[in-house]
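A short worksheet on the structure shown next.
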Amino acid sequence: MAASNRSSALSAASIVIREDDLSGEQTRALLRLHLAGMHASSPPGTVFALDLSGLQAPEVTVWTAWIGDTAVGMGALKDLGAQVGELKSMRTHPEFLRRGIASALLEHIIGVARARDMKRLSLETGSGAAFESALTLYRRRGFVAGAAFADYQPSPFNQFLHLQL
C-alpha cells in the first residue's frame, strides 16, 4: 500500500516491537537507510553509527518495530557496563515518520534498560537541522544535554544526551 494511503494515526497496538537478529532483509534495509542518512547528514569522519557487525556484538540488543509484515523502525541498546546503556541506531522508515514509531521504540528500550537495572541511558547524535526531530523526541522524553561518554570525543558535529533512570 502506498504511504499516502496509510493512516497517519497509528495506535500503539498496531506497532509490534520485537528483538531482531539482523538476519532479515527488511531489517538490513533499515540499517542501510540509517547509515546512509547519518553519512549524508554529517561530515566524513564524524559518524559513530554501528554497522551490521557492530550491532551484532554481544553487548548490543536490537529491536525492530513492525506494522503487519513491514519493518517500520529500529533501535538498539548497547550495554556499556556500570549500569549505563547507550541508545543506538534509532531510525524510522521515511514512509512512517510522525506516526509514533520512534516513540514506541524509545519507550520499549527505556523499559528494557530499567529492567536491566541501568541507571542512565545515554546517546551520541549529530548536530544540525537534520537531527532536530530526533532531538525533540529525546528532549520530550527527558533526555538532557551533557558531557561526552564512553570513547566519544566532542566536536562541533556531535552532541550527547543523557536520561537518568
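Some values worked out for this structure:
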quantity: Length released on extending from Ser133 to Tyr152, taking residue separation times 0.36 nm less the Cα-Cα span; calculated: 4.6 nm
quantity: For peptides 120-130, 147-157, sequence by mean Cβ density within 10 Å, most packed first; calculated: 120-130, 147-157
quantity: Separation of the Asp117 and Ala29 label points, Cα + 7 Å toward Cβ, nm; calculated: 4.1
quantity: Inter-label distance for Arg18 and Thr70, nm, one decimal - labels placed 7 Å from Cα along Cα-to-Cβ; calculated: 1.8
quantity: Projected-area average for the range 64-131 over all orientations - Cα convex hull basis, square nanometres; calculated: 5.1
quantity: The range 12-123 shape via C-alpha gyration tensor axes, a/c threshold 1.5; calculated: oblate
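Throughout, read-outs are computed from the coordinates displayed, never taken from laboratory work. These numbers come from a predicted model, not from an experiment. Note that we place each Cβ from the backbone using ideal geometry, even for glycine, and neighbour counts take in every protein chain shown.
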